[in-house]
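Enquirer: Below you will find the structure I want to go over with you.
Just so it is clear, none of the values below were taken in a lab; they were calculated from the coordinates. A quick note: this is a predicted structure, and the numbers were derived from the prediction, not measured. All Cβ positions, glycine included, derive from the backbone under ideal geometry; neighbour counts span all protein chains shown.
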Amino acid sequence: MLTIDAAIRDAIIAHARADHPDEACGVVAGPAGSDRPERFIPMANAARSTTFYEFDSMDLLKLYREMDDRDEVPVIVYHSHTATEAYPSRTDISYASEPDAHYVLVSTREPDTVEFRSFRIRDGEVTEEPVTVIPA
Amino acid sequence: MAVEVRIPTILRQYTGGEKAVNGEGKTLDELFDDLESRHAGLRARLVDENGLRRFVNVYLNDEDVRFLGGLTTELKDGDSVTVLPAVAGG
């Protein structure tokens, strides 16, 4: 299960809406071992694409060094789908490389409907999990 | 020619859970061969028949080796190599 503050969930959705129709992506870091997503870190989509996302390689190095220094891990790795459902694509599954992360998918295909879902992706297997939002 | 190599979570199954291991080599290619001799299976996760895998990033100190010499990038004693899988998808 993913437990997330309403403010962080809202920030992820706002980032996805702002970058639409391109895919938005980012991380929510938290203390190692805590499973608590606490520090919202929107990332640039270096692919600038409506169907693909990728962190810039230098941004990625900086991000992981910073998390290491703070004893944090990427509790959430999020990205948006802008024309399809909030479910991991085949590409998402093949590149997923954080077995301990919650993979959050947001769809911005409907301007008035929020689709916010969370998954584990391990060894090519996708498992959806419930999301509990802690109100502000 | 000792070089420290930082290993991401997903590849620590090859290093007995270690976050960093030491290796030797005059080039990145030699370093990966050296690592393979103690951490079997690791090299294939970093390299394929075309060279460095597209969705694995390897850094020498603060630089992406794609902008240096790829697998032929030369190493020196005390260098630090960091491996990070790309965060990417569709």
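Enquirer: For A:53-61, what's the mean count of beta carbons from other chains sitting within 10 Å of each residue's beta carbon? Walk me through the numbers on the way to the answer.
Expert: Working: counts 4, 6, 5, 3, 11, 6, 1, 9, 7.
Mean inter-chain Cβ contacts per residue within 10 Å come to 6.
Enquirer: Another question, then. Among A:S57, A:S89, A:S49, A:S80, what is the fewest-to-most ranking by other Cβ atoms within 10 Å? Walk me through the intermediate numbers first.
Expert: Working: A:S57 20, A:S89 17, A:S49 14, A:S80 28.
Ranking A:S57, A:S89, A:S49, A:S80 by Cβ neighbours within 10 Å, fewest first, gives A:S49, A:S89, A:S57, A:S80.
Enquirer: Here's another thing I want to ask about it. Which residues' amide hydrogens lie under 5 Å from the amide hydrogen of A:E115, considering only partners 5 or more residues apart or on another chain, with H built in the peptide plane?
Expert: Answer set, sorted by chain and number: A:S107.
Enquirer: With 10 angstrom as the radius, rank A:R117, A:R9, A:R122 by how many other C-beta atoms surround their C-beta, starting from the fewest.
Expert: Listing A:R117, A:R9, A:R122 from fewest to most nearby Cβ atoms yields A:R122, A:R117, A:R9.
Enquirer: Which parts of segment A:64-82 would a label at A:I41 reach, counting a residue when its backbone N lies under 12 Å from a point 7 Å out along Cα-to-Cβ?
Expert: Within reach of a label on A:I41: A:64-78.
Enquirer: Another question, if that's okay. Give me A:H20, A:H102 ranked fewest to most by other Cβ atoms within 10 Å of their Cβ, as a rough exposure proxy.
Expert: On the way: A:H20 18, A:H102 23.
Lowest count first: A:H20, A:H102.
Enquirer: Convert 37 °C to kelvin, take the viscosity as 0.692 mPa s, use the Kirkwood radius over C-alpha pairs of chain B as Rh, and evaluate the Stokes-Einstein diffusion coefficient in µm²/s, rounded to a whole number. Working shown, then result.
Expert: Values: Rh = 12.9 Å.
Rounded, D is 254 µm²/s.
Enquirer: What do you get for Rg/Rh over segment A:26-136 if you use C-alpha atoms and the Kirkwood form of Rh? Could you put the intermediate results ahead of the total?
Expert: Values: Rg = 13.9 Å, Rh = 14.7 Å.
Here the Rg-to-Rh quotient is 0.95.
Enquirer: Quick one: net charge around A:P135, please, counting Lys, Arg +1 and Asp, Glu -1 for every other residue with C-beta under 12 Å from its C-beta.
Expert: On the way: positive: A:R9; negative: A:D5, A:D10.
With Lys, Arg at +1 and Asp, Glu at -1, the neighbours total -1.
Enquirer: A further question on this structure: So what is the diffusion coefficient of the protein assembly as shown in µm² per second by Stokes-Einstein at 4 °C and 1.567 mPa s, using a Kirkwood Rh over Cα pairs? Intermediate results must be reported in sequence, preceding the final value.
Expert: Working: Rh = 18.3 Å.
After rounding, the answer is 71 µm²/s.
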